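The block underneath contains the structure these notes are about, expressed in structure tokens.
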Amino acid sequence: MTSIRVKNSCNSSPHGSTVMSQLVLWDSSPLFLQCRPQLLLCLWGMISLSGGPRTAWPLPVGSFRLGASQWLGLSQAFLVNQSAIVKWFIVSRMCINEPWAPSAAAEGAPPHKFDNAADTDREDNENATEGGDVNPDVNSLEPVPGCESVALEDGPPVPPPAYEPPTEGDRPQEVFFDSGDDIGEEAARAAILTFVDEHCCYGSRPAKNMTISKIIPTQGLHYQLETFNEARSTSRKFKPYAGGDVDGPENGAPPPVWSMACKPDQQFLTHKKNLEVPHTSVVKQCQQCNGCGLVTCGGCAGLGRVSCSSCFGSGTRTEYRGGERYTVTCTWCYGSGRETCNRCMGDGRVECPSCEGHKQLRHFIMLTVSYTNNLEDYILERSDMPDELIRNVSGQTIFQQTLPHVWPISQYPIQEVNENSIRLVEKHRTAWPHAMTLQQRQTLRSVPVTEAHYDWKNISTRFWVYGFEHEVHAPDYPHQCCWGCNVL
Ligand SMILES: [Zn+2]
Ligand SMILES: [Zn+2]
Ligand SMILES: [Zn+2]
């Protein structure tokens, strides 16, 4: 016969506790020796998950699937074997940080069932949910004055107040700085040698021995316009309400959306900020749990038990001993084919995910302030190298202007630059009618591009060196691959 003695010293409260449990199990039966690891886990699960001292004896034998923290605790268990008697000690320590934990159902007691509980056992599904994303019906809430049209989803942006664009008289003078220096043959050869070095299978002989016949220095021009906008929208949000002050409509009318103070964390950086709109909070009973704080457990669909994970509900297991096949009782579920649901500890209910067990929700209006940096550019690059290559290398800034609304460049000696600056500034002026432009920044950079013509053996071709980094574009470089690479 199996006899179990359990000594518990538990110090627990519903909100976070330390549980010290000491189990002393005495047993001498071969059956118990055979199934002891599982029984040990059962008991461990009972004590550690229930979060409080157990008073009902004998311990109901159920089975528990253990989570990571319990496995960790189990590593502290150790076994002392005293002659014919096996004595187990478990000294465990774990923290429980959940506001509500169901108590394990007493042996034979039915789980607490809601109407939507299932009729038959189902497979344990760790990923099942209790439908925490069930949104409360916002239409049942009174509209907040001034925010009547606010829906649960993000509303459309609220148009900003009108503003006056600056007048012609404020136009600052345009000053252009010189562009960077051109490079010579020596620098071009150094650049292509570095380039070959960085490509492990490129041969370096052509780079070392090529005859550079011609160097054509040019400048690529990169114009960028950034328009840093702010858009505002509102939406209904809710949080579990656990008591405390509520700033509701009785404290006054909510402020207009564009009058609430909010500053970007950084200019020209796309990011979002959320603010609660004052005087919009209302406390309501949680609709998901009808104000009881608990919902049907998603793991067992409210049954408090699931199919045994060891025998898949059959209650038996096949064993091979000495080449013979035996059907034996499942030692995990003791033949019942079922195990206690680990999520609700057999209770059938778990904490409501919407109100987190607090039974009430505080609904309020959230203001979302979206800062967006809209960047567009124009590249004027006259060599045969692909133009976009100069976008991501450094060059000389020859003009920069940051203003609430920039003036397009009009006096640069190259007319295409002026025309494209006008085109982009004009486009950005009206592109975002639902946003307020906070700042604009335009930058004109000159990026050196050197075209080098070279001869090597009977090949006559060219490569380009571009940017202050001396990046190289050499699509026709001979010896691009060692033999064998071509196969790939
Ligand atoms: Zn089983
Ligand atoms: Zn359950
Ligand atoms: Zn609830």
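Values in this text are rule-based calculations from the coordinates and carry no lab data. Computed from a predicted structure; not experimentally measured. Every residue, glycine as well, gets a Cβ built from its backbone with ideal geometry; the counts of neighbours run over all protein chains shown.
Observations on the model:
- Relative frequency of Cα-Cα separations exceeding 18 Å in segment 398-483, percent: 63 percent
- Within segment 390-469, the trypsin sites (Lys or Arg not before Pro) that combine a DSSP coil assignment with at most 16 other C-beta atoms in a 10 angstrom radius are LYS457.
- Residue-count net charge about VAL449 - beta-carbon cut-off 9 Å; Lys, Arg +1, Asp, Glu -1: -1
- Scoring 251-260, 465-474, 447-456 by mean Cβ neighbours within 10 Å over their residues and listing the highest first yields 447-456, 465-474, 251-260.
- Alpha carbon centroid spacing (whole Å) that separates segment 249-310 from segment 357-424: 35 Å
- Working note: Karplus 6.51/-1.76/1.60 with θ = phi - 60° gives segment 430-436 the couplings 10, 5, 10, x, 9, 10, 9 Hz, where Gly and Pro are set to x.
- Sorting the segments 191-200, 330-339 by their mean number of nearby beta carbons within 10 angstrom, highest to lowest, gives 330-339, 191-200.
- Mean projected area (nm²) of the alpha-carbon convex hull when segment 283-418 is viewed from all directions: 22.5 nm²
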